[in-house]
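FYI, it's all coordinate maths here, none of it is from the lab. Note that the structure is a prediction, hence the values are computed from the model and not measured. Positions of Cβ are backbone-derived with ideal geometry, glycine not excepted, and every protein chain shown enters the neighbour counts.
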Amino acid sequence: MDIEKVAEFIAQLMAVSAITAPKSKGENYVVVEIVTGKKLKKIAERMIDHGLQADDPFFVRDGESVQKSDAMILIGLKDAKPLGLNCGGCGFERCIRPEEVRELRDFKAPICMLRLLDMGIALGSAVKTASIHNVDTRIMYRAGVVARNMGVIDADVVMGVPLSITGKNIYFDRKVPDLMEYRAKR
């Protein structure tokens, strides 16, 4: 059995689940990208490098997990227009105007809270699909940040969902590395 091909196929099914998940007003701003092979390993390496440069052991931990993964699906939002409810969920009293959106360190903001809920439902639908097929996953903010910054996916905010097909869930009991020890081993 070619585990990477199976993982890529499950990622494709996850993409279908994310794209077809219910959305506010029936409008879809969810974007997906599947990564495998060298591109997946490159993202993992950049996550580790970022963690070492930023002195953030969680990027290193998550980068190691992505390195061990068989595939990853990236799920994000692109140009998500506010619903026009003036609900204040984004932190503004009235809905966000295009000139108020700005590039931050990890994503563009503000983003309509209801569109972010759409993305959350898409993520939940995708990981449900993986679970049905007994594939282990973990929703990772850090993987999405690095993939977005690398230009792997064109989106305003992204989450990465790596997939693993092994006898033990590799995402379950991950240890946060001591960066001094980690650097010494490298």
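General observations
- One residue stands out in segment 39-52 among those that are touching a residue at least 40 places away in the same chain (Cβ under 8 Å) and more than 18 Å from Ile3 (Cβ to Cβ): the one that is surrounded by the fewest Cβ atoms within 10 Å (Cβ to Cβ), namely Lys42.
- Filter pass, Ser131 being exposed (fewer than 14 other Cβ atoms within 10 Å of the Cβ) and within 17 Å of Ala21 (Cβ to Cβ): yes
- Residues that are assigned to a loop (DSSP other than H, G, I, E, B), crowded, with 19+ Cβ neighbours inside 10 Å and out of contact with any Cys (no Cβ under 8 Å at 6 or more places or on another chain), drawn from segment 69-98: Ser69, Asp70
- Beta carbons closer than 7 Å, at least 6 apart along the sequence or on distinct chains, never pair a first residue in segment 102-118 that is of a type in the set (Ser, Thr, Tyr) with a second that is not in a strand (DSSP E or B).
- Looking across segment 99-149, the residues that are in contact with a Phe, Trp or Tyr (Cβ under 8 Å, 6 or more places away or on another chain), among the acidic types (Asp, Glu) and in a helix (DSSP H, G or I) come down to Glu100, Asp118.
- Within segment 53-71, residues that are under 13 Å from Thr137 (Cβ atoms) sit with their Cβ atoms under 7 Å from residues that are polar (S, T, N, Q) and surrounded by fewer than 20 Cβ atoms within 10 Å (Cβ to Cβ), at 6+ positions apart or across chains, in these pairs: Ala71/Thr36.
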